[in-house]
1. Restricting to segment 92-125, and then to whatever is closer than 12 Å to residue 54 by Cβ and surrounded by 19 or more Cβ atoms within 10 Å (Cβ to Cβ), can you tell me which residue is nearest to the chain's Cα centre (by Cα)?
2. Can residue 74 be described as touching a residue at least 40 places away in the same chain (Cβ under 8 Å) and on the phi > 0 side of the Ramachandran plot?
């Protein structure tokens, strides 16, 4: 039998390359190590770069806490109300920037509690002054 007939029989392997089944190839036919750990990190991004929205979330948390503290200062509750509203706005900005985490949630909760509590304390202070004025407590100041 001729050597050419044996090689050209059912198998036409002269133009094909042998591929090891243990090796994985991507579309460009480059070897990919199966033991290599892949990460979604971009090698060109600085890992110490600021996270978008984290500053706004932190400011929201701080303003929420300060707005709660201003409850104890009577008419300072109006400042607490303003700070709480600003905290809610910053929290919304942090969420739009894509930051979701404990700081953002804490900022929302503290700012919301600060707004509600400050509004209640401010209304209570106005009601107290109105009640005292109706009772005539301030009449001696004018005479």
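Here, each number is a calculation from the coordinates, and none is a lab measurement. The shown structure was predicted, so the numbers you read here are calculated from the model rather than taken from an experiment. Ideal geometry is used to build each Cβ from the backbone, glycine not excepted, and the neighbour counts take in all protein chains shown.
1. Narrowing segment 92-125 to residues closer than 12 Å to residue 54 by Cβ: 93-95, 97-104, 107.
Within this subset, residues satisfying the condition of being surrounded by 19 or more Cβ atoms within 10 Å (Cβ to Cβ) are 94, 99, 103-104, 107.
Numbers: 94: 6, 99: 2, 103: 8, 104: 6, 107: 11 Å.
Going through the qualifying residues, I end up with 99.
2. Details: touching a residue at least 40 places away in the same chain (Cβ under 8 Å): yes; on the phi > 0 side of the Ramachandran plot: yes.
Answer is yes for this residue.
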